[in-house]
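Below is one structure, written out as structure tokens; the observations come after it.
The values are calculated or read from the model by the stated rules, or taken from the named source; none is laboratory data. All values derive from a computational prediction rather than experimental measurement. We place every Cβ from the backbone using ideal geometry, glycine too, and count neighbours over all the protein chains shown.
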Amino acid sequence: MAIGQRLEMRQGQSLVMTPQLQQAIKLLQLSNLELAEYVETEMERNPLLERDEAAADATPAKESEGSMDEAPLHETLAREDFGTASDLDAGHDDMYADESRAERQQSVAASSESNAAPLTDWTKAGTGGRADGDEDMEGSLAAETTLKDHVQAQLAIAAFSTDRRFIAEVLIESLDEAGYLRADLPEIAERLGAPLADCEAVLQTLQGFDPSGVFARDLAECLALQLKEQDRLDPAMKALLTRLDLVAKRDTAGLCALCGVDAADVGDMIAEIRQLNPKPGLAFDSEPVQPVVPDVFVRENSDGSWHVELNSDTLPRVLVNARYYTQVSAGARSKDDKAYLV
């Protein structure tokens, strides 16, 4: 076998994962929240990156321009008002020739004192269109009473023993937004180690609280509590509440046979039920619902294909500070510094 040297050329293809490609693949797998967190971390590490504040400053800029445009109009109106006032005040002495100057001064001073508002009344003045009114509105909205707060206020003045007051606290925490008791009463009694009779007695007292129908365990009981308060829970109405499914089906004949009344009376009973509130707890403030912001929008095109688009409003916007980059790159000396900037 002969040993020798020779020169060969081969052509082939290979995929090389550059750092930019690796970073792009990593970012595509992130959600909008994870991407925002990643950008915040990179902005802390890289001094050349800065947040795009143009969108946030757009609205204040327009408001400031609007205020500048309105200034001449206010000044013009003020000048016109002053001019009119000076014309009307001309010849003041001639208009009241029969009245002495001292009497006129006393009447003007008395009028000024009667029209002047005391310092304590300034807090009742209007906001005049200022932004402070929005803060007052937010404060009033934040101070709205919830259903549980309303019931707790009534519990504070109720005649309960210590043990039964604790049972009432547990039942109040089991209320949902509509005012229904979603917990099982025997289960609560077993968990608290309390007699079931005590829990039932506490529940009966709580069902008399305002709003009417609160602490009901189902729709029929909620309606019955409201009718009982109106003194309209007669035997016929009790029978009707046991078969609300017939009311939904509008089975008048079945309701007449069930309640033992004629069709006219059934119509009147159904009309009374319609005046009741099936969800009494919704009259009070509840916890705000946080809307879900989508990461992408998926729409169907006219040809049957699908169009997927990122929600750009939730994506962070980052800019490169070109001026600072120019200053830093001019002073870079080593290869590592230049490679970092590139």
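Here Pro211 fulfils each of the conditions (1) in a loop (DSSP other than H, G, I, E, B); (2) modelled with pLDDT of 95 or more; (3) not aliphatic (A, V, I, L, M) apart from (2). Of all residues in the range 252-280, those satisfying the criterion of being hydrophobic (A, V, I, L, M, F, W, C) and either farther than 10 Å from Met237 by Cα or more than 44 Å from the chain's Cα centre (by Cα) (or both) are Ala253, Leu255, Cys256, Ala257, Leu258, Cys259, Val261, Ala263, Ala264, Ala271, Leu276.
How many residues are without any contact (Cβ under 8 Å) to a residue 12 or more places away in the chain and out of contact with any helix residue (DSSP H, G or I) (no Cβ under 6 Å at 6 or more places or on another chain) if we restrict to the range 243-261? Matching residues across the range 243-261 total 7.
Residues considered: Val247, Val266, Val293. Of these, the only one that is assigned to a loop (DSSP other than H, G, I, E, B), out of contact with any Pro (no Cβ under 7 Å at 6 or more places or on another chain) and surrounded by 10 or more Cβ atoms within 10 Å (Cβ to Cβ) is Val293. When the residues of the range 118-172 are filtered to those that are among the hydroxyl-bearing types (Ser, Thr, Tyr) and modelled with pLDDT of 50 or more, which remaining residue is farthest from Leu206 (Cα to Cα)? Top of the filtered list is Thr145.
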